[in-house]
Amino acid sequence: MSETVPLSDLRWTRGYTDPAWIRRFTSQGRELSPSRRVWRGQELARPLTCTEADLDALVVTTDTGALKLPGLFAAAQTDAFLVMHRGQVVYERYPHGADAHTPRFNASAAKSYLGLVAATLAHQGLLDRTATVSAYVPELAGTAFGDARVQDLLHMGTKVSYAGRPFDKAIEAQRYHAVIAAQLRPFGYSGPTTIREHLLTARATGAPGEEFRYENGNVETLAEVLRRVTGLTTSALLSDLLWARIGAEEDAYYVLDGDGMEAACGGFSATARDVARLGEMLRCGGAVGDQQVVPEEVARTITSGVPDGYPRRVRFPAAPPDSPATLSYHDLWWVLNDSYDSYMASGIHGQRLFVSPGLDLVIVHFGSQVMSPAVPPVPLVQAFVRIGEHLNS
């Protein structure tokens, strides 16, 4: 990304439109920025059993035509693709020289994992969803996030502008990158250099809890709330509640800002196999074998627990282009509202964790997909559902 590009012109610059740059960024985050590990724990990795299914010839019919999986992979710049059906790995591919053991950026899919942690703490009575955020983080009082409720953060229910400028989703995403990583700051940048400084500039442009607006600051604020509640770093908390309990093979990690705080909304990296283990735990009602990792109620209500005041059947403006018109959002998860109770974690360049209890299906997709108005969206969700229907037939 050129340092001489004005900040207002960064919407479709190289970071979104060059697959090779995206691939380097998503596979080498540890080499580009300070990081903190999410420990996999001391237990042995939980084995994944494999029964290969021939899916390469499967035809996926979409609104833009018919594709087989290799064609889908080419269009999505796929780097990792793993399918679990009824607890077994039935398909696993790593194009473009990727491998099974290298953690890759999950991008905004990481938001959903933090939502799972928050929902678990709320179920345990340690977090009050109805509390005002400033009750947990007093220094945010008077900001858009401090005056919102925890529930609003979990459902992207704040309307915010930063530093007095009009809100623009794409530009604010680039501003966030500039906050957390010095090498991504354009020439002449003089804004906040830590996540906390960034959040302090947020001002409300509307009442919280009335409108969905997809914004990273909600998740970074939630992460700070969870740190205050537990006294743990985001990395340690995710390890304690999830990563050390799902039988992960590899440590995951978060990239850090200048204060040493995790970039919670998208700076998380993990392998496809370990993300699949997380998804399989959720498909099984929060359990791994005979161990309940997250409360069953938390896992089962991802698709049914959208609170009053947050419409369940509205296509939100920030919905991924390949998502159905009935998409909803609950506790930082995208809910498909289909007949299979499917839901997913979703990242900008094709990162997906797709969980479908009704199809007995978990799919992980990591990609380096170009984001540009000139490039048609890749119908990943349609392909995932087609795969599940085929395997169940």
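Values quoted throughout were computed directly from the atomic coordinates according to the rules given, and no laboratory measurement underlies them. The model shown is predicted, which means the values in this text are computed figures rather than measured ones. Neighbour counts run over all protein chains shown; Cβ positions are idealised from the backbone, glycine included.
Diffusion of the chain by Stokes-Einstein, at 37 °C in a medium of 0.692 mPa s and with Rh set to the Kirkwood radius over alpha-carbon pairs, works out to 156 µm²/s.
With 5 Å bins beginning at zero, the pair-distance distribution over Cα atoms of region 328-393 amounts to 4, 17, 27, 23, 17, 9, 3, 0 %. Projecting the alpha carbon convex hull of region 158-211 along each direction and taking the average yields 3.9 nm². Less than 5 angstrom separates the built amide H of residue 79 from those of 366, 367, 368, all sequence-distant by 5 or more or on a different chain. Peptides 54-65, 284-295 ranked from most to least packed by the mean count of surrounding Cβ atoms within 10 Å: 284-295, 54-65.
Packing, taken as the mean count of other beta carbons within 10 Å per residue, orders the peptides 107-114, 351-358, 138-145 from highest to lowest as 107-114, 351-358, 138-145. Peptide packing: for 91-100, 260-269, the average count of neighbouring Cβ atoms within 10 Å per residue gives the ranking 260-269, 91-100, highest mean first. Would you please classify the overall shape of region 184-285 from the alpha carbon gyration tensor, given that a ≥ b ≥ c denote the square roots of the eigenvalues, rounded means a/c under 1.5, and beyond that prolate means a/b larger than b/c while oblate covers the rest? Cα axes put region 184-285 in the prolate bin. Mean residue ellipticity, 222 nm, helices only, the chain: the sum of -39500 (n - 2.57) across DSSP H runs of n ≥ 4, divided by residue count and rounded to 500, is -8500 deg cm²/dmol.
Simple point charges give the picture: +1 on the Cβ of Lys and Arg, -1 on the Cβ of Asp and Glu, and for the chain a dipole about the Cα centre of about 440 debye.
Put simply, the amide H of residue 205, placed in the peptide plane, has neighbours under 5 Å in 159, 160, 161, leaving out anything fewer than 5 places away on its chain. Round to a whole angstrom and tell me the spacing of the C-alpha centers of region 102-164 and region 202-232. That distance is 4 Å.
The smallest convex shape that holds all Cα atoms of region 79-133, its convex hull, gives 134 Å³ per residue.
Mean projection of the Cα convex hull over all viewing directions, computed for region 207-263: 5.5 nm².
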